[in-house]
Amino acid sequence: MVQSQLKQDLPRGDELPFSDGLPVDNELHILVPNLLSFILGFLWSERLDWFFGINMGIYYATGVNPRVPIVPDAFLSFGVERLKASGLRNSYVVWEEKGVVPSFVLEVVSKTPGGEYDEKMVKYAQLGALYYLIYNPTFWQRDRREPFEVYRLIDGEYQRQLGEPFWMSEIGLGIGRGVGTHQGLQREWLYWYDEQGNRLESPEDIAIAERQQRELAQQEASRLQEMLERYRQQFGDLPQ
């Protein structure tokens, strides 16, 4: 009865704001999650049981106020519709997603501290997200932290996990850092990994590797052609 009454009192998704209205003050907040999303879209193009949200409000009934969302830089949920029947999601409303909470949430630390190590950690624990990753590539020394910190929810509290890439068995993915290219920018990014620690490449990285292979093959062919021309100049045509 209590759960039924609670559900009746919860607002519909179309009644809720789409975000917290706060601006993104670091381009990495968009680029890092986008790369992770592109890789999943490439790997799981035929799967329809997952959703990866970027800078999207999550509304949940286990916090102080169900009308106040938490907005991670990215999150991943399983067992939900890839696309809602009504169209694209404006926000992620847990009580309209069969109660499914994200299995993984990501925060990218910016110049302005956003409570990633305290307030948000408490809220994600209340939400019930199994894994929480704080990526702090620029300001980790300021915050006296590590650039890459993974936490797992154990008995209602987050406990730091060691190892990188870190394998999340319940999700079937690993997460870690690696140097690659995204939107033409080569730098350190976050990547998904398999259980053996192999990086799951993005379509852009795959295209670059294939182009480099073609260029090497062309260079080798040109080198052989030059050797053949020098031989002909010195000894004449090759014998038939």
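The values are calculated or read from the model by the stated rules, or taken from the named source; none is laboratory data. The structure displayed is predicted, hence computed values, not measured ones. For accessibility, only protein heavy atoms count, side chains too; no ligands or nucleic acids. Shrake-Rupley method; radii C 1.70, N 1.55, O 1.52, S 1.80 Å.
Tabulated data for the structure shown
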read-out	value
Integer Hz, Karplus 6.51/-1.76/1.60 couplings in order for the range 122-138, x for Gly and Pro	5, 5, 5, 5, 4, 4, x, 5, 5, 10, 9, 10, 10, 9, 10, x, 10
Carbon and sulfur %, accessible surface of the range 63-134 computed with the full protein complex present, 1.4 Å	54 percent
Residue-level accessible surface for Leu88, protein heavy atoms, 1.4 Å, Å²	140 Å²
Solvent exposure of the range 46-129 as accessible area per residue, Å², 1.4 Å probe	45 Å²
Cut-off under 5 Å, modelled amide H: who pairs with Gly57 long-range	Tyr92
Using θ = phi - 60° and Karplus 6.51 cos²θ - 1.76 cosθ + 1.60, couplings along the range 190-197 (whole Hz; Gly, Pro as x)	8, 10, 7, 9, 8, 5, 7, x
Whether the range 41-121 is rounded, prolate or oblate, judged on the alpha carbon gyration tensor where a/c under 1.5 counts as rounded	oblate
Tensor-based shape of the range 137-211 (alpha-carbon gyration tensor, a/c under 1.5 rounded, otherwise prolate or oblate)	oblate
Convex hull projection area averaged over all views, the range 120-173, Cα basis, nm²	4.1 nm²
